[in-house]
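What follows is a set of notes on a single structure, which appears directly below.
The values are calculated or read from the model by the stated rules, or taken from the named source; none is laboratory data. Fair warning: this is a prediction, and the values are worked out from it, not measured in the lab. Because the Cβ atoms are built from the backbone with ideal geometry, glycine has one as well, and the counts that use them run over all protein chains shown. Accessible surface areas use protein heavy atoms only, side chains included; no ligands, DNA or RNA. Shrake-Rupley method; radii C 1.70, N 1.55, O 1.52, S 1.80 Å.
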Amino acid sequence: MPKKPRPCALYRHYDLHKRLLYVGISVNAAHRTSQHARDARWFHQVRAITVEHFPSAPQALAAEKVAILMENPIFNKVRPMQYVAENNLTNIA
């Protein structure tokens, strides 16, 4: 029997001025947020978090890639142009 896909969430962390600080995915966004709270040097700036749910991790990953590329979060390590170069994307419009 095929394994049922696990739901996965795309989360965004925003600062006081609604600037996007970070985008990520996780099967447990609350737990991942607690890890960021403990470990991320930028987390003290977070004032709002949004969570978008997807039926599977591959769908969430695809949405994360688009969000990083189009929304340019300040603290994601992979920057949009780096992502374009690494994935050989030339026509993204």
Open item on the list: Checking the structure you have, find out if any residue of the stretch 23-46 is out of contact with any Lys or Arg (no Cβ under 6 Å at 6 or more places or on another chain), in contact (Cβ under 8 Å) with a residue 40 or more places away in the chain and open to solvent by 50 Å² or more (accessible area, probe 1.4 Å).
Closed with: no
Open item on the list: Just to be sure before I move on: is residue 41 at pLDDT 95 or above and assigned to a loop (DSSP other than H, G, I, E, B) in the structure I sent?
Closed with: yes
TODO: Show the residue pairs that are 6+ apart or on different chains and have beta-carbon atoms under 8 Å apart, the first residue being within the stretch 66-79 and basic (Lys, Arg), the second being surrounded by fewer than 18 Cβ atoms within 10 Å (Cβ to Cβ) and assigned to a loop (DSSP other than H, G, I, E, B).
DONE: 79/72
Open item on the list: Among the residues that make up the stretch 57-70, is at least one of them at pLDDT below 90, open to solvent by 50 Å² or more (accessible area, probe 1.4 Å), of a type in the set (S, T, N, Q) and assigned to a helix (DSSP H, G or I)?
Closed with: no
TODO: Give the stretch 52-69 a look and list any residue that's among the hydrophobic types (A, V, I, L, M, F, W, C) and farther than 16 Å from residue 18 by Cβ, or say none.
DONE: 54, 57, 60, 61, 62, 63, 66, 68, 69
